Amino acid sequence: MTIIGTNLFFDRSAAQLNSLNGRNQTLQEQISSGKKLAAPSDDAVGYKRLQVITRAGADDVAWGKNIDLARTVLTQADTALDSVTSQLQKAQELTVQASSGTLSNANKAVIAAQLRGIVDDLVSLANSKDARGGPLFGAADGDTAVTRDATGVVSFAGTGDPVAIPVGDGTDVQPSESAERIFGGLPASAGAADIFAVLTGLADALAAGGSVSAVAGTALDGVKASLEQVSSARGSIGARGARLDLESARLDSTALTREAERSGIEDTDLTSAIIELQKTTTILQATQASLSRLSSLSLFDYLR
């Protein structure tokens, strides 16, 4: 009985010392690393949740980069449209001058040249490149927004709206407008017209001499309609920019919540860990001392 009891005592004591030593070592590692999870075995559920949090964080980083890209392209589009507005306002002033019946043919030729210059500038603005190197006002397909043939006729390339940029799970933003929507779709006697054709037609009439009152009146309506379309496009771009701000704020808020959850699962609570280490160390030392005293007793001590 004494032998069995002694063996059992030492087995239990060894197990308790091993457990205390292991706990002590674990706490020291958690304090030094700042992490309370080092392997899946430490907390299988928590470790799996950390993997989900990490993947979600990586996704949000990608969404954030796309938001930055969309903002850049929207800013480029708005800047280009501001220049388009300036050119159209010049065209409007020249069209009003052209409608005057007192202009000489020489004056008409000067205005015609200025209008052709504005058309050139508008074509250049329509074919602006975005931050990705693609057409800023390009359609869903095509490498350019507009083309110009040998006779100077401008045509829209591609069809559909510009490709949207994904900025969230199931959320995307169209960063620009198609050239056709901005410069085309103007009212005309024979269907729709575009601002390039409207201004070129007026310039041709002025260069030919004679009365251009009727052509100038139609052109003035077209320029006004074009200005309205550009203004509408800029308003839409501004609204999309505000939407990106909301999406960015959502990502920031989600990131803070996710970081708090991650920290609660993974990070060491230093204050609690240090107190626990001190407690475990004290128990370990007491256990070692008790075991040392008990194991040193001889049979004569036991019989005494």
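Readers should treat all values here as calculations from the given coordinates under stated rules, not as data from a laboratory. Since we're looking at a predicted model, the values are computed, not measured. Using ideal geometry, Cβ is built from the backbone for each residue, glycine included, and neighbour counts are taken over all protein chains shown.
Using a simple spin-label model with points 7 Å from Cα along the Cα→Cβ vector, what separation in nm is obtained for residue 102 and residue 265? Here the answer is 8.1 nm between the modelled labels.
Between residue 89 and residue 255, the modelled labels are 3.8 nm apart [label points 7 Å from Cα along Cα→Cβ]. Give me the distance between the Cα centres of the range 211-261 and the range 83-134, rounded to whole Å. That distance is 23 Å.
A simple charge model with +1 on the Cβ of Lys and Arg, -1 on the Cβ of Asp and Glu and nothing else charged puts the dipole of the range 50-203 at about 440 debye relative to its Cα centre. The phi torsions of the range 167-172, fed into the Karplus equation with coefficients 6.51, -1.76 and 1.60 and a -60° offset, translate into couplings of 10, x, 5, x, 10, 9 Hz, rounded to whole numbers, with Gly and Pro shown as x.
The calculated FRET efficiency for residue 52 paired with residue 164, based on their beta-carbon distance and R0 = 35 Å, is about 0.80.
For the range 72-202, the spread of Cα coordinates along the three principal axes comes to 62, 27, 25 Å, biggest extent given first.
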